[in-house]
Amino acid sequence: MTIAVREEQILRIKKASFEPELNEELTKRIKEQVVLTVKEILEESLIEELKVELSKWEGERPRRSGYFKRVTDTLYGRIVELLVPKLRWGNEDREWNILKRYQRAMNNLLDWAGYLYVMGLSLRDLQEALYFLIGSVVSRTAVNRITLQVQEKLESHRQQSIKNSPSILIVDGVWVEVQYTLDKFKIDRAGHQRQCRQAEERVILVAMALWPDGSHQVLHFELAQTEDETQWTTFFAQLIERGLNPNQIELVVSDGSKGLLTAINNQLPNAQQQRCITHKVRGMERYLTYKHLSETEQTASSTASLRKQRWAEIKADAYLIYEAPTYDLAQDILNQFITKWQPFEPKAVHAFLWGIQRTFVFYPFDTVLHIHIRTTNLLERLFREFRSKSDEIGAFPNQTSCLTLFFLVAQREHAKHNRPFVAKT
């Protein structure tokens, strides 16, 4: 399909879109006025920039020699003839700062286009979306170029050398589905032979660096088959290969993934593991038996509300342990917790106590960091945002698209909170 044919198709879609009674002529005039205003601002800015540059010249200065015209895309439409001032000589070597900054702003549009494309938006849908913004159809080649630019940023980030190693890492994984080709073929409805594909579960392993001032950035992420010892060992080895100093890591905050502790001991010899208290507390729920409900919650009116009330109370008591300002006081509150709940929920209390000392490792560290290092919540918030996008896609078409979407989501989340995405490397 040619660009011209695609443009005609988009215009037909626009004409048949919702709320056709909207005044298209008014919309057209507003866009024209906005583009005209942007054109005037850019042209005036270019003249001022040239004046400033000429005032700094030493010796003979070139004289003005009219303008040359160039096409510039804006978020509101295309400027067909932007007048750029020129001199009698030296035009080839000049870089216009105004246009460079404006082009960087337009790159945000390209990033957005790449984001939509990676999320699963079809080429046709992307062409349609961009048409309403810039007034022209983006070719397949342009879309591919946009996607490649995003992927280049992704690879650049993942391969960047780590020059400053943090003392604290927060690690976790988020599960996804990725399609892989099989050694089987099928005949589709049109009679064409297609290679079979199958969606398989994979996990994105992520490491976040936490710095003494409380700032944090995603340091590394990788797609793996599972969260076992082998995969975590490989993951830490990749970090070390990028320049991470394994002897500088003092704490690794994580959930209770099997094999992770062994991988930490093998790869990060000076690191202790801090178990996420949120995972630890929530893990009790599946062991609750709800015995003697009437003896402890007599005001409840039904079995369901009785159970809900008990879980809320035992959960609140468990979290109260970690609110203690010191380790010793936390142990006293833990003993009180055991005394209160052991008679009613022995299985849940036993599960909670299993390996519980690893949930108190955060105490010797700076109290300012406690809220950040006793849970994996900093990563969980990022994962929730990622899942909201990945759930719309379903199974990713390939590994690269999966990692690229995670990269873009992480980049956007860091920008929202005014944090640098690339760690202090």
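The values are calculated or read from the model by the stated rules, or taken from the named source; none is laboratory data. Keep in mind the model is a prediction, meaning the values are calculated, not measured. When we count neighbours, we look across all protein chains shown, and the Cβ atoms used for this are built from the backbone with ideal geometry, even at glycine.
Tyr290 is checked against (1) within 26 Å of Phe362 (Cα to Cα); (2) in a loop (DSSP other than H, G, I, E, B) and fails just one. What number does that condition carry?
Just one mismatch for Tyr290, condition (1).
State whether one or more residues within the range 307-329 are more than 22 Å from Pro364 (Cβ to Cβ), small (Gly, Ala, Ser), surrounded by 14 or more Cβ atoms within 10 Å (Cβ to Cβ) and in the same structural domain as Phe360 (by TED's automatic domain parsing).
So the first thing to find is which residues in the range 307-329 are more than 22 Å from Pro364 (Cβ to Cβ), and the list is 307-317.
Then keep just the ones that are small (Gly, Ala, Ser); that gives 312, 316.
Filter again for surrounded by 14 or more Cβ atoms within 10 Å (Cβ to Cβ), leaving none.
The answer is no, given that none of the residues of the range 307-329 is more than 22 Å from Pro364 (Cβ to Cβ), small (Gly, Ala, Ser), surrounded by 14 or more Cβ atoms within 10 Å (Cβ to Cβ) and in the same structural domain as Phe360 (by TED's automatic domain parsing).
May I ask you to verify whether Gln217 is in contact (Cβ under 8 Å) with a residue 24 or more places away in the chain, under 18 Å from the mean Cα position of the chain (by Cα), surrounded by 14 or more Cβ atoms within 10 Å (Cβ to Cβ) and over 14 Å from Val176 (Cβ atoms)? Before you say what the answer is, go through the steps one by one.
Working: in contact (Cβ under 8 Å) with a residue 24 or more places away in the chain: yes; under 18 Å from the mean Cα position of the chain (by Cα): yes; surrounded by 14 or more Cβ atoms within 10 Å (Cβ to Cβ): yes; over 14 Å from Val176 (Cβ atoms): yes.
So Gln217 passes the test.
When the range 363-401 is examined, which residues are found to be in a loop (DSSP other than H, G, I, E, B) and hydrophobic (A, V, I, L, M, F, W, C)?
If we filter the range 363-401 for residues that are in a loop (DSSP other than H, G, I, E, B), which is where we start, we get 363-366, 374-376, 394, 397-398.
Residue satisfying the conditions is Phe365 alone.
Could you check the range 250-282 and list, in sequence order, the residues that are of a type in the set (A, V, I, L, M), under 12 Å from Ile168 (Cα atoms) and more than 24 Å from the chain's Cα centre (by Cα)? Break it down into steps so the answer makes sense when it comes.
Just the residues of the range 250-282 that are of a type in the set (A, V, I, L, M), to begin with: 251-253, 260-261, 263-264, 268, 271, 277, 281.
Add one more test, that the residue is under 12 Å from Ile168 (Cα atoms), and what stays is 251-253, 268, 271.
Scanning the range 250-282 gives Leu268, Ala271.
Give me the pairs, please: first residue somewhere in the range 180-204 and touching a residue at least 60 places away in the same chain (Cβ under 8 Å) and surrounded by 11 or more Cβ atoms within 10 Å (Cβ to Cβ), second residue anywhere and aromatic (Phe, Trp, Tyr) and assigned to a strand (DSSP E or B), beta-carbon distance under 9 Å, and either six or more positions apart or on two chains.
Partner pairs satisfying both residue conditions: Ala199/Tyr180; Ala199/Phe396; Arg202/Trp175; Arg202/Phe396; Ile204/Trp175; Ile204/Phe221.
Test Leu210 against the criterion of being out of contact with any helix residue (DSSP H, G or I) (no Cβ under 7 Å at 6 or more places or on another chain), crowded, with 20+ Cβ neighbours inside 10 Å, of a type outside the set (Asp, Glu) and under 15 Å from Val171 (Cα atoms), and give yes or no. Even if it seems obvious, please write down each step before you answer.
Values: out of contact with any helix residue (DSSP H, G or I) (no Cβ under 7 Å at 6 or more places or on another chain): no; crowded, with 20+ Cβ neighbours inside 10 Å: yes; of a type outside the set (Asp, Glu): yes; under 15 Å from Val171 (Cα atoms): yes.
Against the criterion (out of contact with any helix residue (DSSP H, G or I) (no Cβ under 7 Å at 6 or more places or on another chain), crowded, with 20+ Cβ neighbours inside 10 Å, of a type outside the set (Asp, Glu) and under 15 Å from Val171 (Cα atoms)), Leu210 does not qualify.
Report, ordered by the first and then the second residue, all pairs with beta carbons closer than 6 Å, sequence separation of six or more or different chains, a first member in the range 300-314 that is more than 15 Å from Arg282 (Cβ to Cβ), and a second member that is in a helix (DSSP H, G or I) and modelled with pLDDT under 85.
As it stands, the answer is Leu306/Leu293, since those pairs meet every condition given.
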